[in-house]
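Comments concern the structure below.
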Amino acid sequence: PNLIGMTLVDATTKLTELGLVVVEAPTMGHPEIPAGQISVQVPVAAEKLARGGTVTITVSKGQETTLIPTIYGKDLATVKERLIKYGMVIGKVTGNTKRGLKSASIDGTVVKNYSRVIVGKTVDLFFP
């Protein structure tokens, strides 16, 4: 079953009723799923699992924030390395990536160096 968004108690009850074993992975932050709800399950809901099989679930710690590191004026390799280090996802990349970064945005909103943002969000990059 799809457990994403359920509480640990509800997910455990559901899996136990189906004869499945629950393993709880360490909690992790998630950009969209609130704290206390299941954010990851392995295997995914569509996969078949025999009775007695194991389902590993991760409970969300909710949104965590970080600061955008210094990325403006840097080449693509440097920008990617820095954003990934801070838990960001690289989105659409346009322009001449050998030149310095001109603009970065999350959900259509421009972000600058040291802007506070939600970890795990996708950052689109524009090079001149």
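The values are calculated or read from the model by the stated rules, or taken from the named source; none is laboratory data. Everything quoted here is computed from the prediction, not taken from an experiment. With ideal geometry, Cβ positions are generated from the backbone for all residues, glycine too; neighbour counts draw on all protein chains shown. Just the protein is used for accessible areas: all its heavy atoms, side chains included, with ligands, DNA and RNA removed. Shrake-Rupley method; radii C 1.70, N 1.55, O 1.52, S 1.80 Å.
Worth a mention:
- Among the residues making up the stretch 14-24, a single one is open to solvent by less than 70 Å² (accessible area, probe 1.4 Å), touching a Leu at 6+ places or on another chain (Cβ under 9 Å) and assigned to a loop (DSSP other than H, G, I, E, B): L20.
- Any hit, the stretch 6-13, residues being touching a residue at least 12 places away in the same chain (Cβ under 8 Å) and open to solvent by 70 Å² or more (accessible area, probe 1.4 Å): no
- Counted residues, the stretch 72-118 - those being small (G, A, S), within 26 Å of M28 (Cα to Cα) and surrounded by 13 or more Cβ atoms within 10 Å (Cβ to Cβ): 5
- Residue within the stretch 47-54 that is in a loop (DSSP other than H, G, I, E, B), in contact (Cβ under 8 Å) with a residue 40 or more places away in the chain, of a type outside the set (S, T, N, Q) and surrounded by 12 or more Cβ atoms within 10 Å (Cβ to Cβ) present: no
- Search result, residues across the stretch 85-96 that are in contact with a strand residue (DSSP E or B) (Cβ under 8 Å, 6 or more places away or on another chain) and not in a strand (DSSP E or B): Y86, G87, M88, G95
- Just so you know, in the stretch 25-45 the residues that are over 15 Å from the mean Cα position of the chain (by Cα) and not in a loop (DSSP other than H, G, I, E, B) include one that is nearest to P1 (Cα to Cα), and it is V42.
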